[in-house]
Amino acid sequence: MYSLSGGPYAPFENTWHLREDYKKVSKRKELAEGLRKRIAIAAFINLILSPVIFLWQILYSFFNYAEVSDSGFNLGKYHISYSTGQYHLEV
């Protein structure tokens, strides 16, 4: 809701009043170009940060759910053994 009524580029001054720039037909091209630039910047930032966020999620889920024991890692039902290098399902 902030993007529609509270931000610096919001089309509304408050809940019910549209800004004067948005009412003028002559400003339509300029407003559309500004919106295009803001969307392109947001897409570029998303593209740059998405691999970092993906790696963070993988590391977080691994370290959050892994339990270290003397014989290896316990990942829920799966057990990874250090000594034998085998994976097996513990029921």
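Among the candidates S3, S61, S81, which residue alone is modelled with pLDDT under 90 and in contact with a strand residue (DSSP E or B) (Cβ under 6 Å, 6 or more places away or on another chain)?
Working: S3 fails: in contact with a strand residue (DSSP E or B) (Cβ under 6 Å, 6 or more places away or on another chain); S61 fails: in contact with a strand residue (DSSP E or B) (Cβ under 6 Å, 6 or more places away or on another chain).
Testing whether each residue is modelled with pLDDT under 90 and in contact with a strand residue (DSSP E or B) (Cβ under 6 Å, 6 or more places away or on another chain) leaves just S81.
Note on the stretch 6-31: among residues that are surrounded by 10 or more Cβ atoms within 10 Å (Cβ to Cβ) and among the small types (G, A, S), the one that is modelled with the highest pLDDT is A10.
The values are calculated or read from the model by the stated rules, or taken from the named source; none is laboratory data. Keep in mind it's a predicted model, so treat the numbers as computed, not measured. For neighbour counting, all protein chains shown are included, and Cβ atoms are generated from backbone atoms with ideal geometry for every residue, glycine included.
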